[in-house]
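Notes follow once the structure below has been shown.
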Amino acid sequence: MSSLADSPRQVTVPLGSIGARSEDRVRELWTRTDATHDDQCLRADLPAHGPSLYSLAPARQG
């Protein structure tokens, strides 16, 4: 995801639109942190003119 806005923005993306399921793990690759989601949508805070890169993985077992 990326933002062309002049100020920080929150972006909401339905998980299904990126091929993710509610139980999938979403990780922000540059900050190396897990992104939280509400089992339906991912909400990302993007900096002004800035990108964010995510990976999807099955939920961790046990």
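Some points to look at:
- Scope the stretch 1-19; condition at pLDDT below 90 and within 22 Å of residue 58 (Cβ to Cβ); matching residues: 1, 18, 19
- Selection status of residue 7, in a loop (DSSP other than H, G, I, E, B), free of Cβ contacts under 8 Å to residues at least 24 places away in the same chain and open to solvent by less than 80 Å² (accessible area, probe 1.4 Å): no
- Here is the figure for the stretch 30-50: residues that are part of a strand (DSSP E or B) and surrounded by fewer than 11 Cβ atoms within 10 Å (Cβ to Cβ) total 1.
- Note on the stretch 32-61: residues that are of a type outside the set (Lys, Arg) and on the phi > 0 side of the Ramachandran plot amount to 2.
- Failed criterion for residue 27 (all others in (1) part of a loop (DSSP other than H, G, I, E, B); (2) basic (Lys, Arg); (3) within 22 Å of residue 3 (Cα to Cα) hold): (1)
- Among residues of the stretch 10-24, those that are surrounded by 11 or more Cβ atoms within 10 Å (Cβ to Cβ) and either part of a loop (DSSP other than H, G, I, E, B) or over 13 Å from the mean Cα position of the chain (by Cα) (or both), counted: 4
- Index of the failed condition, residue 59 passing every other in (1) of a type in the set (A, V, I, L, M, F, W, C); (2) open to solvent by less than 40 Å² (accessible area, probe 1.4 Å); (3) in a strand (DSSP E or B): (3)
The values are calculated or read from the model by the stated rules, or taken from the named source; none is laboratory data. Small disclaimer: the values here were computed from a predicted structure and weren't measured. Cβ atoms come from the backbone with ideal geometry, glycine included; neighbour counts cover every protein chain shown. Note: accessible area is taken over every heavy atom of the protein model, side chains too, but ligands, DNA and RNA are not part of it. Shrake-Rupley method; radii C 1.70, N 1.55, O 1.52, S 1.80 Å.
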